[in-house]
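**Student:** Pasting a structure below so you can have a look.
Each value in this text was obtained by applying a stated rule to the coordinates, not by laboratory testing. Predicted model, so just to flag it, every value in this text is computed and none were measured. Please note: Cβ atoms are built from the backbone with ideal geometry, for glycine as well, and neighbour counts cover all protein chains shown.
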Amino acid sequence: MSKKRRSVDRYDKRFCVIASEKGYIGPYDLIEVLTIQVQEDIENKPHRLLGEIFLNEDIMTPNQIEEVVKAFFDRKVDVKTGDEIEFMAIPSILKFHRNCFA
């Protein structure tokens, strides 16, 4: 597995934790989208982030996804270790996600 792919997987996991904490998804929703994501990967389709799948399956709204992305980048956590760090939200990343779901 490539280093880039492992990094994306960490973001997906963190996204799901925050979405669950906010009450936007439940365990069965997560199982559904993970199943879709794995099936698409097996079929060599382009990899989609879980947020995109949640949106396409009408499980989450664009506003909910944006809130989760904002919360993700507002948290002061090292993605690799899970340790608290000093971290500032990156507006360009939020703008990118907003454009993806517009």
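**Student:** For region 21-49, give me the residue count where each residue is on the phi < 0 side of the Ramachandran plot, in a loop (DSSP other than H, G, I, E, B) and surrounded by fewer than 14 Cβ atoms within 10 Å (Cβ to Cβ).
**Tutor:** 6
**Student:** Kindly indicate whether GLU52 is in contact (Cβ under 8 Å) with a residue 12 or more places away in the chain and either more than 14 Å from the chain's Cα centre (by Cα) or not in a helix (DSSP H, G or I) (or both).
**Tutor:** No; evaluated as a whole, the condition is false for this residue.
**Student:** I need the full set of residues from region 55-78 which are of a type outside the set (Val, Ile, Thr) and under 13 Å from the mean Cα position of the chain (by Cα), in order please.
**Tutor:** Within region 55-78, LEU55, MET60, PRO62, GLN64, GLU66, GLU67, LYS70, ALA71, PHE72, PHE73 meet the criteria.
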